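The values are calculated or read from the model by the stated rules, or taken from the named source; none is laboratory data. These figures come from a predicted structure and were not determined experimentally. We place every Cβ from the backbone using ideal geometry, glycine too, and count neighbours over all the protein chains shown. Areas reflect the complete protein model, heavy atoms only, side chains present, ligands, DNA and RNA absent. Shrake-Rupley method; radii C 1.70, N 1.55, O 1.52, S 1.80 Å.
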Amino acid sequence: MRKLRKSNKIVCSLVGMLIVGLLISGYIPAASAQEKKATVTFWTPFPVPFYEPWSSWVTDTFNKLHPQIKLDTTPIPWDRLEDKLLPAIAAGNPPDVFQFARPVFQSAAMGHAQPLDELIENDPLVNPEDWYPGVWYDVTYEGHVYALPFESDSLVFFWNKDYFKKAGLDPESPPEYLSELDLYAEKLTKKNAQGDYDVLGFTPWQGRSVEFMHWGWKNGGTFYDSEAGRITAADPRNVEMLEWEVGYAKKYGAEKMGALAERAQMGGGATAVGMFCMGLSAMRVGGSFFWSQIDKYGPDIDYGMTRYVPIPKGGKNAGISEGTLIFVPVGAKGIKEYPEAVWEFMRWYSINAMPVWSLQVGDLVSRPEYADLWMFASNPKVKECTKAIELTHPWPKVAALWFYRDQLKQAVEYAIYGKKTAEQALKDVEKAVQREMERYK
Amino acid sequence: MNFKISKLRMANTRNGLLFVSPFLIGFGIFYLYPFIASFYYSFTSYSLVGESQWIGVLNYKELFIEDDLFTTSLYNTLYYATLFVPLSLVVGLMIALLLNTNIKGKSGLRAIYFLPSIIPLAASGILWVWILNSRYGIINETLRALRLPAPRWFSDPNWSKPGYVIMSVWASGQTMIILLAGLTGVPRQLYEVAELDGANWLHKIVYITLPLLTPAILFILIISVIGSFQMFTQAYIMTDGAPANSTLFYNLYLYRVSFRYFKMGYGCAMAWILFVIVFTLAWSLFKSSARWVYYGREEG
């Protein structure tokens, strides 16, 4: 009995010493260090699983370069980003910096992002003219700057050179006009004995051109009259382009085309990547990030790429550019308590970290100063894609832009499956988006 | 004396309430409050950030009068429910009857037919994208081998919903299990009496089995009506509304409205309409049950 008590005493005193020791060694220095450091919290959709080192690289590098600031990075999957941000804003505890999709219009209109005008004016290192004009345009809304740009992408035309040779076409000269594109598409399409397609020449609504706006722009069409505040989706020049798409559906059969796409389907957005990479389509409008996917998933495909996507006769080049940006969510504490630290990180991430990211994954730099650096300029594919940024058409500055683009995608589907005429489909979009805009007033 | 009893009862009530309080608190915070709040928000314009604005019945008006997608999604869901509910019942009943006979490996077969219903929805969704693949799916390969026309399931707006129905019927092993349990409860002597009276197998099913299964059938009907209106996971994973919004089910649209466009008030209004529809259907099934469900007591 006595022995037991004695051993109890020993254990107690040991535990006590351990606790005191831990307090002295760990807690006290940590507390004093925290007093000095400003913690900047940052939510980012990067890395997606393939590029795991990114968020730790950002955190480690920034923390080493700025010993007085502590960066705390949380990666969040793309499709959960807004689901996480909005409740955080509503609860009054959002991150200090948030990385999200470009353009910023909706986040600004809905009051999720704070204007950064003052910070930019007072910082000689941040000059709007240092970015591509199209990129900077996307971070402004109603006369204010709401974000700093990160990486960019652009719209590029890809073609399969082997198929061109087999069809008797010159593999070095892609179609310039839609009339040529249609002709080439016909020549490149191959059917099997059952009448199903083995290769489709071209599908106008696939890949990056699932977005309809750039076809309309190429034909001189508009989607928004900013002076009248009116949605103009049913502009006759847009209708003409949708009818051109419907022409493909009628000629080749929307269901049959879909059936071929299904072959490359994995039950998600992988369809279009698969089709070209698997040699199921001969031509494709893709994002600038697409070539690295072909190199990875279709290494045997000999392809060409150009920034000149085919246009209607008398039309103009007009591409799409997206990417990401970083903004300060409304109600963020960092920007009030230690604005220098938050701004220091934003500037570093937007200007210094961006090219590192772009180099890693094959995205485009959004500042021309980097475009001529050997690591980007020496790769002809990257060079072509970067030049394509200059052909980009600005998005309409509509708060409900996501909604608008979703509606257009649906209109294209209605039209190609013959559920609505091209004109009716676009008129319905006009009505729905106009109604949606009322919410932002 | 009375005073003492009431004091005891008070103490009992208090203790009882204390014991159930974890549930009551959880229920209040996570069910009752959102339930009531969603009704309030259905009359507002609310986007999570900032104050909600009272707009009266504007959400409901827009839904019923202006929003085409609301009508489309409601139609798609009703179409799906109308096909799925009776089909799953008939198929479940047939399999249950077959598995209730004296065959070898009965329990193994029961397990096999039940298995699909415990596969996670997301996994079965991906699986069925392949099974119903128009070119290389096992169903179309079979159809083609039999020289039958092979529909282009998820590439054809007219065949995409039937594709979902087939998938859901495949996964309705629960129905079969419930009916099997019901079947084992049918007294054997009834069949023996019927046999003495010269009844054949069809007579036995129609006059004995089915009437005695009606309580189970009522339960299945209510559960599957509610379930079919809640169609979401597979639709979200497999087609996300495509092609041409032919698989835009009600809940998928509700999700899009609320979590893609952040129209929470509008989403709440949609949720309440769904509640009223499902409630009415379940209630009318329940009401009608007096006429066709047999609970084993003789009516005088």
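How much mean residue ellipticity at 222 nm does chain B get from its helices, if each DSSP H run of length 4 or more adds -39500 (n - 2.57) and you divide by all residues, to the nearest 500 deg cm²/dmol?
The per-residue figure over chain B is -21500 deg cm²/dmol.
When nucleic acids and ligands are ignored and a 1.4 Å probe is applied, A:D72 ends up with an accessible area of around 70 Å². Only DSSP H runs of four or more residues enter the estimate; each adds -39500 (n - 2.57), and after division by the residues of chain A the mean residue ellipticity at 222 nm equals -13000 deg cm²/dmol. For A:E423, neighbours were defined as the other residues whose beta-carbon sits under 15 Å from its Cβ, and their charges (Lys and Arg +1, Asp and Glu -1) total -1.
Separation of segment B:102-158 and segment B:4-33, taken as the distance between their Cα centroids, equals 50 angstrom.
Per-residue SASA remark: B:T82, around 100 Å² accessible (1.4 Å probe; ligands, DNA and RNA not included).
Accessible surface calculations at 1.4 Å, restricted to protein heavy atoms, place the protein assembly as shown at 50 Å² per residue. The peptide list A:323-330, B:220-227, put in order of mean Cβ contacts within 10 Å with the highest first, becomes A:323-330, B:220-227. Candidate cross-link partners of A:K409 among the aspartates and glutamates, defined by an alpha-carbon separation under 15 Å and a same-chain spacing of 8 or more, comprise A:E211, A:E243, A:E245, A:E423, A:D428, A:E430, B:D240.
Peptide B:148-158 has a mean of 5 when you count, residue by residue, the C-beta atoms of other protein chains within 10 Å of its C-beta. Net charge of the neighbourhood of B:T184, taken over other residues with C-beta under 15 Å away and scored Lys/Arg +1, Asp/Glu -1, is +3. Structural size metrics of the protein assembly as shown, computed from C-alpha coordinates, are Rg and Dmax of 31.7, 108 Å.
Only Cα pairs under 8 Å and 6+ residues apart enter the sum, and on that basis the relative contact order of chain A stands at 24 percent. For peptide A:190-198, the mean count of partner chain Cβ atoms within 10 Å of a residue's Cβ comes to 1. Computed from the alpha carbon atoms alone, the convex hull of segment B:82-183 holds 121 Å³ per residue.
With the highest mean first, a sort of the peptides A:123-136, B:263-276, A:244-257 on other beta-carbon atoms found within 10 angstrom per residue produces B:263-276, A:244-257, A:123-136. What aspartates and glutamates does A:K296 reach when the alpha-carbon gap must be under 17 Å and sequence neighbours fewer than 8 apart in one chain are set aside? Output for A:K296: A:D363.
Buried area at the B:A interface is about 3300 square angstrom, summed over both chains, from accessible surfaces computed with a 1.4 angstrom probe. The mean count of C-beta atoms from other chains within 10 Å of the C-beta of residues in A:254-261, rounded to a whole number, is 6.
Among the trypsin sites (Lys or Arg not before Pro) in segment B:108-164, those located in a DSSP loop and surrounded by at most 16 other Cβ atoms within 10 Å of their own Cβ are B:R147.
Listed by number, the DSSP H helices of chain B that run 18 Å or longer by alpha-carbon position along their axis and have mean Kyte hydropathy of at least 1.6 are B:210-229. Apolar share of the accessible surface for the protein assembly as shown: 62 percent from carbon plus sulfur atoms, 1.4 Å probe. For chain B, relative contact order (Cα pairs under 8 Å, six or more residues apart, normalised by length) works out to 28 percent. Per-residue packing, averaged as other Cβ atoms within 10 Å, sorts the ranges B:49-55, A:304-310 into the order A:304-310, B:49-55, beginning with the highest.
Shown here: segment B:6-141, whose C-alpha atoms stretch 63, 57, 25 Å along the first, second and third principal axes, sorted largest to smallest. The Cα atoms of segment A:290-352 define a convex hull whose projected area, averaged across directions, is 8.4 nm². Per-residue SASA remark: A:D162, around 60 Å² accessible (1.4 Å probe; ligands, DNA and RNA not included).
In the calculated pair distance distribution of chain A, what percentage of Cα-Cα distances lie above 34 Å? Working shown, then result.
On the way: 40170 of 97020 pairs.
Above the 34 Å cut-off, chain A has 41 percent of its Cα pairs.
For segment B:2-41, the alpha carbon convex hull comes to 59 Å³ per residue, rounded to a whole number. For B:A111 and B:A181, a Förster radius of 25 Å and the Cβ-Cβ distance give a FRET efficiency of 0.95, rounded to the nearest 0.05. Beyond a 19 Å Cα-Cα separation, which of these cross-linked pairs lie in this structure: A:K166/A:K191; A:K336/A:K441; A:K397/A:K431; A:K70/A:K333; A:K166/A:K251? From A:K166/A:K191; A:K336/A:K441; A:K397/A:K431; A:K70/A:K333; A:K166/A:K251, over 19 Å: A:K336/A:K441; A:K166/A:K251. If the Kirkwood radius is taken over C-alpha pairs of chain B, then at 10 °C and 1.306 mPa s the Stokes-Einstein diffusion coefficient equals 69 µm²/s.
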